[in-house]
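The values are calculated or read from the model by the stated rules, or taken from the named source; none is laboratory data. For clarity, every value in this text was computed on a predicted model and none was experimentally measured. Don't worry about glycine lacking a Cβ; one is built from the backbone with ideal geometry, like all the others, and counts go over all protein chains shown. Accessible surface areas use protein heavy atoms only, side chains included; no ligands, DNA or RNA. Shrake-Rupley method; radii C 1.70, N 1.55, O 1.52, S 1.80 Å.
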Amino acid sequence: MKIAVYGANGYTGRLVVAELARRGIDLVLVGRDIERLRKAAAGTEARAAGVDDTAALAGAFHDCDAVINCAGPFSVSGEAVVRAAIRAGRHYVDISGEQLYLKRIHDTFAQEATNAGVTVVPGVNDDGLPSDLIAHLAARRVSPVAELVIALDLARSGAAPSRGTLRSALANIGTFTGGGLTYRDGDWRPDVPALRTSIAFPAGTGPAPVARFPLPGVVTVPRHVSARHVEGVVRTELVAAFSAVTPEVVDSVPDGPSEDGRRAGRWTVMAEATGQDGRSARGVVSGPDTYGSTAVIAVESARRLVAGGAEPGVLAPAQAYDPIGFLDFLTEHGATWAVEVGPAPRTGPGLT
Ligand SMILES: NC(=O)c1ccc[n+]([C@@H]2O[C@H](COP(=O)([O-])OP(=O)(O)OC[C@H]3O[C@@H](n4cnc5c(N)ncnc54)[C@H](OP(=O)(O)O)[C@@H]3O)[C@@H](O)[C@H]2O)c1
């Protein structure tokens, strides 16, 4: 098995490269600058191709089984890499957290990917993949579902997000200030008020104030869960922090947290599903090290596409992978997960 890593010299790209090497998977570094690629991983094969040259990109992927795209902001350069992977006939995953980009890939490339026999799974990171899988499992317990709330909680232990994360937030700043999309009655809309104004996170001492946030799961979960309403929320402090990103903030942070800083952090995703009959189920996945987990998830996602196969097309994580099998795999990397059925503590207006 051989995997191409696009944007291999970036902060997360380097972690993905290290994870592939740890797992003994052959890899090729691809990016727009050959010198930066060589500096990032001396001794590993490197190929230069920019996103403005689809033929060169497809050529760089031609002898690989899959592509892991780590080059963000994805709203700027991601589509070109998807197009090239499909043209080369190679499976594709990326680590994007950009909600509108993810929706565009699903909306634009489904037919092309299917025709080419290629599977495309965008948004496989520490948030997008676990939230999609756990939402699927929670929803299944109370189906048919009326409303599903996806919540993300990050404990960063003082470490700032990577510069690339903030640059991508800046490229999508309107989604952070506006709250992003909510799924309601069969479509995604930017103007639906949140049903939830507070939520009890597992690590908290009681309900914490939350607000809408452009989480990936809002655009992926309705592709495999039939629900009237799907929204994404985070603590109000996180909304405020992302809404305040400016070019000066991007320039002020290091390229990413130190290894100790990374490892001290923790991510938690929750999915609370309420059935049409009023029953509720709550799924929680939690793990260490946002960026390290993203590398583990991206590599395993690509590996599973090559080894196990999935239907061709653009798929949500729960459509491409067995949710329980993948979450169990994450427990080998320090994650925990559970789904409980029972009354969920809730604050907010609810569906009318
Ligand atoms: N949970 C999540 O949502 C999550 C978690 C982890 C990462 N991510 C996302 O992953 C992305 C990468 O983050 P990072 O911290 O690794 O960023 P980074 O260190 O800035 O690396 C970005 C990489 O992308 C390449 N790149 C950027 N724009 C490009 C373009 N137009 N054409 C070709 N290459 C381009 C850069 O190449 P050069 O060096 O040549 O500029 C570099 O290799 C971000 O979008 C981030 O939000 C999301």
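The combined condition, being open to solvent by 20 Å² or more (accessible area, probe 1.4 Å), under 26 Å from ALA169 (Cβ atoms), without any contact (Cβ under 8 Å) to a residue 60 or more places away in the chain and not hydrophobic (A, V, I, L, M, F, W, C), is fulfilled by SER252. Does ASP127 fit the bill of being within 29 Å of ALA66 (Cα to Cα) and open to solvent by 10 Å² or more (accessible area, probe 1.4 Å)? It is true that ASP127 is within 29 Å of ALA66 (Cα to Cα) and open to solvent by 10 Å² or more (accessible area, probe 1.4 Å). Note on region 57-73: residues that are part of a helix (DSSP H, G or I), open to solvent by less than 10 Å² (accessible area, probe 1.4 Å) and not aliphatic (A, V, I, L, M) total 1.
Flag: GLU300 does not match the condition of being free of Cβ contacts under 8 Å to residues at least 60 places away in the same chain, away from the ligand (no atom under 14 Å from the Cβ) and open to solvent by 20 Å² or more (accessible area, probe 1.4 Å).
Within region 162-177, being of a type in the set (A, V, I, L, M) and more than 9 Å from the ligand (Cβ to nearest atom) holds for LEU170, ILE173. Here is a check on your reading of the model: is ILE134 within 14 Å of the chain's Cα centre (by Cα) and open to solvent by 20 Å² or more (accessible area, probe 1.4 Å)? It is false that ILE134 is within 14 Å of the chain's Cα centre (by Cα) and open to solvent by 20 Å² or more (accessible area, probe 1.4 Å). Does ASP277 satisfy the criteria of being modelled with pLDDT under 95, acidic (Asp, Glu) and farther than 16 Å from GLY217 by Cα? In short, yes.
Every residue, every condition in (1) within 16 Å of the ligand (Cβ to nearest atom); (2) assigned to a helix (DSSP H, G or I), yes or no:
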{"position": "ALA113", "(1), (2)": "no, yes"}
{"position": "SER131", "(1), (2)": "yes, yes"}
{"position": "ARG141", "(1), (2)": "no, yes"}
{"position": "LEU154", "(1), (2)": "yes, no"}
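Only one of PRO216, PRO209 is at pLDDT 95 or above, within 13 Å of the ligand (Cβ to nearest atom) and in contact with a helix residue (DSSP H, G or I) (Cβ under 8 Å, 6 or more places away or on another chain); which? Only one candidate qualifies: PRO216. Could you tell me whether SER77 is near the ligand (Cβ under 9 Å from one of its atoms) and touching a residue at least 24 places away in the same chain (Cβ under 8 Å)? Judged against the criteria, SER77 is a match. All of ALA159, ALA194 fail the test of being in a loop (DSSP other than H, G, I, E, B), within 16 Å of the ligand (Cβ to nearest atom) and open to solvent by less than 30 Å² (accessible area, probe 1.4 Å), apart from ALA159. Looking at VAL51, VAL17, VAL28 in this structure, which one is outside any helix (DSSP H, G or I) and open to solvent by 10 Å² or more (accessible area, probe 1.4 Å)? Going through VAL51, VAL17, VAL28 in turn, the sole match is VAL51.
For region 33-74, a residue qualifies if it is near the ligand (Cβ under 9 Å from one of its atoms) and without any contact (Cβ under 8 Å) to a residue 60 or more places away in the chain, and the qualifying residues are ASP33, ARG36, LEU37, ALA40, ALA49, GLY50, VAL51, ASP52. Within region 85-99, the set of residues being crowded, with 18+ Cβ neighbours inside 10 Å and either away from the ligand (no atom under 16 Å from the Cβ) or among the aliphatic types (A, V, I, L, M) (or both) comprises ALA85, ILE86, ARG87, ALA88, ARG90, HIS91, VAL93, ILE95. From the list GLY275, GLY313, exactly one residue is crowded, with 18+ Cβ neighbours inside 10 Å and over 23 Å from LEU129 (Cβ atoms). Which is it? Every option except GLY275 fails the conditions.
Of all residues in region 225-249, those that are open to solvent by less than 20 Å² (accessible area, probe 1.4 Å) and either assigned to a loop (DSSP other than H, G, I, E, B) or at positive phi (or both) total 2.
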